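Q: Structure below; questions to follow.
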Amino acid sequence: MAANGGSLERRGSMRRSGSKAKEEPAADHGAEEHASGPSDIEVIKEKFGKLLLGEDMSGSGKGVPSALALSNAVTNLAAAVFGEQRKLEPMAPDRKARWKKEVGWLLSVADQIVEFVAKKQVLDNGVEMEVMGTQQRRDLQSNIPALRKIDAMLLDYLDAFKDRTDFWYVKRDSCSDAEKEESTEKWWIPIVKVPPNGLAPASRAWIQHQKELVNQVLKAAMAINANCLMEMAIPESYLESLPKNGRASLGDALYRIITDVEFDPDDFLSTVDLTSEHKILDLKDRIEASVIIWNRKVHNKDGKSSWGSAVSQEKREQFEERAQTLLLIIKHRFPGIPQSTLDIAKIQENRDVGFALLESYSRVLESLAFNVMSRIEDVIVADNVAREKAKKDAPAGSSLEAPPQVPDGADSMTLLDFMGWNGDSEGRPDDQSPSAVDPAQDDGRLMKLPNIMTNLFMKTTQ
C-alpha cells in the first residue's frame, strides 16, 4: 500500500507539474501581447467610448457635444502623428499606419450619416414605383473621397523625398551663430544644408515641381475647409459680442480707407502692420466682424430700421464685398495663420457631425500641406543663399548654370483633375513663397474660393 501510495503521489505531482507546464506558454503569450500594446479592438473601444462620453470621463453628462468631440479626436490624432514631421522625409511606418488606421475609424462615422432620396423600384409584376431610400449625405459623398485623395497624395509627396542626398539636416547645436540667428522663428526645426554651390539644376527643378504639386493640394484643402465653415451657422453668442457698426469694428483709419471711392486692396494692406501672426489674426477678426455687421444691416437681421442711416444699402453691400475681398487676399497670402474668432466659435457651437468631420479633416490636411510647403521653402532659401555666396566667391566672368524647366506633361494628372474642378491645372514654377503670392495674379486654381467667400456670412442661427 505504501508503494502504491507513493506511486500515486508521484503521478499526482507529475500531473500538477504537467498542468503548470501547460499554463506557462499561455502566460508567456499574454505577456507578449501586453508588451506589443493593446489590440485594435481595445483601442476602438477606448476611442469611441470617449466620443460617446463627450470627453467627460466622469460620465455625469457634462461632456462636449458629439460633433465637437469628434472634431477634437481628429485634431488630437493629427497632432500626435504629424507633430514629429519636421523634415522632408517619408513618415515613419508606425506613425503612417496609425494615421491611416485611426482616421479611418473616425471617418467611418460619416458612413452612417444619410439622407432620404427618391428611388425607383420595379415590383415582381413589372410595375415601376417610386420609393424613399437612404444614401450618404451629398456633401460627405463628394468631399470625403476628395479629402482621402488629398491625404494619400500628401503622404506620397513625403515618400518622394526618400534617400535624397542633395540636401540634408543638421542639429542647431552644430551650426554657427549666424545660421541660428537666420532661423530664430523656427527654432524647433532642424537647419537644412545644401552643397556649397547650391543644388544641381535637375534637383532645383525637381524641388520647384514638388512645391507646385503640394501647393495644389494646399489650395484644394483650403477650399473644402472654407466651404464647410461657410455652411456652419454663426453662433448667437458671437453675434451678441459684435460692435454696433463697421466703423467701431475696423477703427476710423481703416474704415476711411475701405469706404473710400478709390479703394485698392493692396493699398489697404500696405497701410496696416502685418509683421506678426497676432497682428494678422487681429486684422482678420476685425474685417470678419465688419462683414457680418454690414450683411445683417443690409438684410435687416439686426432688427433695426435702415431709415435715417447715413450709409445707404448699396454702400453697405459695396463695403461688404470689399471686406470679403480683403479676407480672401489675407487667406491666400497667409495660409498658415491660426483660426479666427469666428471660425473657433463656429466649430465650438456646431452640432452637425458631418460638418465637424469635414472641417477637422480638411483643416489638419491643410496644416500638413502648409508644413510641407514650408519645409520645401527652407530648402529653396538655403539653395538661394548658397548660390549667392558662390557667386561672390567665384572668379570674375564665371556664371552659374540656369535651372532647367520641368518637362511638360510630368505628373499631368493633378488633384484638380481628380476632383473635377475647373481652372488652369498646368504646373508652373513658382519662385515665390505662399506669403508673397499675389492673389490677383494667381493661376486660377482657387476659382472656387471667390464663390465660397461671396456669401460667407449669409447664414445665421435661427
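Q: Of all residues being in a helix (DSSP H, G or I) and not small (G, A, S) in region 245-258, which is nearest to the chain's Cα centre (by Cα)? Just the residue, please.
A: Taking region 245-258 first, the residues in a helix (DSSP H, G or I) are 246-250, 252-258.
Still in the list and also not small (G, A, S): 247, 250, 252, 254-258.
Values: R247: 33, L250: 29, D252: 35, L254: 31, Y255: 32, R256: 35, I257: 33, I258: 31 Å.
Across region 245-258, the extreme among qualifying residues is L250.
Q: Could you tell me whether any residue of region 175-198 is modelled with pLDDT of 90 or more and closer than 22 Å to L365 by Cα?
A: no
Q: Only one of V131, V127, V74, V117 is at pLDDT 95 or above, among the hydrophobic types (A, V, I, L, M, F, W, C) and farther than 30 Å from V194 by Cα; which?
A: Working: V131 fails: at pLDDT 95 or above; V127 fails: at pLDDT 95 or above; V117 fails: at pLDDT 95 or above.
Going through V131, V127, V74, V117 in turn, just one is at pLDDT 95 or above, among the hydrophobic types (A, V, I, L, M, F, W, C) and farther than 30 Å from V194 by Cα: V74.
Q: Something else: Check region 259-278 and report whether any residue there is surrounded by fewer than 15 Cβ atoms within 10 Å (Cβ to Cβ), within 23 Å of the chain's Cα centre (by Cα) and assigned to a helix (DSSP H, G or I).
A: yes
Q: Go through region 338-373 and report how many residues are aromatic (F, W, Y), open to solvent by 10 Å² or more (accessible area, probe 1.4 Å) and under 10 Å from the mean Cα position of the chain (by Cα).
A: Step one: list which residues in region 338-373 are aromatic (F, W, Y), which gives 355, 361, 370.
This time we only want the ones that are open to solvent by 10 Å² or more (accessible area, probe 1.4 Å), so: 355, 370.
Next, from what is left, pick out any that are under 10 Å from the mean Cα position of the chain (by Cα): 370.
Selection size over region 338-373: 1.
Q: Report yes if S66 is more than 14 Å from the chain's Cα centre (by Cα) and either farther than 17 Å from L357 by Cα or among the small types (G, A, S) (or both), otherwise no.
A: Working: more than 14 Å from the chain's Cα centre (by Cα): yes; either farther than 17 Å from L357 by Cα or among the small types (G, A, S) (or both): yes.
Spelling it out, S66 is indeed more than 14 Å from the chain's Cα centre (by Cα) and either farther than 17 Å from L357 by Cα or among the small types (G, A, S) (or both).
A quick yes/no check of all residues on (1) in contact with a Leu (Cβ under 7 Å, 6 or more places away or on another chain); (2) at negative phi; (3) of a type in the set (D, E, K, R); (4) in contact (Cβ under 8 Å) with a residue 12 or more places away in the chain:
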residue	(1), (2), (3), (4)
G59	yes, no, no, no
P65	no, yes, no, yes
A92	no, yes, no, no
I113	yes, yes, no, yes
A118	no, yes, no, yes
L123	no, yes, no, no
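Q: To continue, here is another question. Is there any pair with a first residue in region 229-244 that is modelled with pLDDT under 95 and among the basic types (K, R) and a second that is buried (at least 18 other Cβ atoms within 10 Å of the Cβ) and outside any loop (DSSP other than H, G, I, E, B) whose Cβ atoms are under 9 Å apart and which are 6 or more apart or on different chains, and what are they?
A: The qualifying pairs are K244/I293.
The values are calculated or read from the model by the stated rules, or taken from the named source; none is laboratory data. Please read these numbers as outputs of a predicted model, since none were measured by experiment. Cβ: placed from backbone, ideal geometry, glycine included. Neighbour counts: every protein chain shown. In case anyone asks, the SASA skips ligands and DNA or RNA and just uses the protein heavy atoms, side chains included. Shrake-Rupley method; radii C 1.70, N 1.55, O 1.52, S 1.80 Å.
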